[in-house]
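The structure under discussion appears below in the form of structure tokens.
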Amino acid sequence: MDDRSRSGQPPDLGSAEAGPGPLGPARRVSSAIRTAPNAITLVRLLLMPVCAWLLATGRYGWGLVLTAVVGSTDWVDGWLARRTGQVSRLGQLLDPLADRLLIASVAVALVVRGVLPWPAAVLLVARDLVLLAGWPLLKRRGIEPPEVVFLGKAATMVLLFALPILTLGATGLALADAANLLGLALLWAGVVMYYLAGAVYVRMVLERLGHRAGAGS
């Protein structure tokens, strides 16, 4: 029993042990499912196909607005979870997954419209498929997937800016050419950052495997 428990103070949840999560940090927190942050994340997941459909069918105005709203909820649900003490295992599972699915769905929709270069979409989707496939393999070895690093968060943010800007480049607006150039620059910068972050995750996993093997010997 630690000093906080002996003194009758509530335990420090911030220092709790890590729990499950496929692509992000996961502290041992609430196992609750029906929380406001989880509801926001669920709505985000449900609206992603709508965003993709609007963009894939050339309805760029509504598609951009809805994608911006859906993307902003990534910050809202995280802030609300921390603010209200409703950080949950399910939330830590769904939140980073929702980010990846939003990027993948919008990317595929823009490939359909010829807005996004297909090699970039393949690279984005392939990396996330590899990470998601690796999660159950790590779980079988008793190793928790690594927490999200700053580079990964930055890559996600850059991509979430790049995709709407590229969409503006496909419109007939006066700034379309400039938007297309800026969007492509941000897109490829985001792809590079995405893979650099992936390399960091792989290194972290290898280090944990090494520590586990050393402890076993």
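The values are calculated or read from the model by the stated rules, or taken from the named source; none is laboratory data. Computed from a predicted model, the values in this text were never measured in an experiment. So basically every Cβ, Gly included, is an ideal-geometry build from the backbone, and we count neighbours across all protein chains shown. SASA here: full protein model, heavy atoms, side chains in, ligands and nucleic acids out. Shrake-Rupley method; radii C 1.70, N 1.55, O 1.52, S 1.80 Å.
Give the stretch 190-207 a look and list any residue that's aliphatic (A, V, I, L, M) and more than 15 Å from residue 127 (Cα to Cα), or say none.
Within the stretch 190-207, 204, 205, 206 meet the criteria.
Go through the stretch 146-161 and give me each residue that's open to solvent by less than 20 Å² (accessible area, probe 1.4 Å) and not in a helix (DSSP H, G or I).
Within the stretch 146-161, just 146 meets the criteria.
May I ask you to verify whether residue 85 is out of contact with any Leu (no Cβ under 9 Å at 6 or more places or on another chain) and surrounded by fewer than 17 Cβ atoms within 10 Å (Cβ to Cβ)?
For residue 85, the condition - out of contact with any Leu (no Cβ under 9 Å at 6 or more places or on another chain) and surrounded by fewer than 17 Cβ atoms within 10 Å (Cβ to Cβ) - is not met.
Can you report the number of residues in the stretch 162-179 which are open to solvent by 50 Å² or more (accessible area, probe 1.4 Å), modelled with pLDDT under 90 and touching a helix residue (DSSP H, G or I) at 6+ places or on another chain (Cβ under 8 Å)?
3
So is residue 174 small (Gly, Ala, Ser) and not in a helix (DSSP H, G or I) or not?
yes
Which condition number does residue 62 fail, the rest of (1) within 17 Å of residue 167 (Cα to Cα); (2) touching a residue at least 40 places away in the same chain (Cβ under 8 Å) being met?
(2)
Within the stretch 62-81, which residues are out of contact with any Pro (no Cβ under 9 Å at 6 or more places or on another chain) and either hydrophobic (A, V, I, L, M, F, W, C) or open to solvent by 50 Å² or more (accessible area, probe 1.4 Å) (or both)?
Result: 62, 65, 66, 69, 70, 72, 75.
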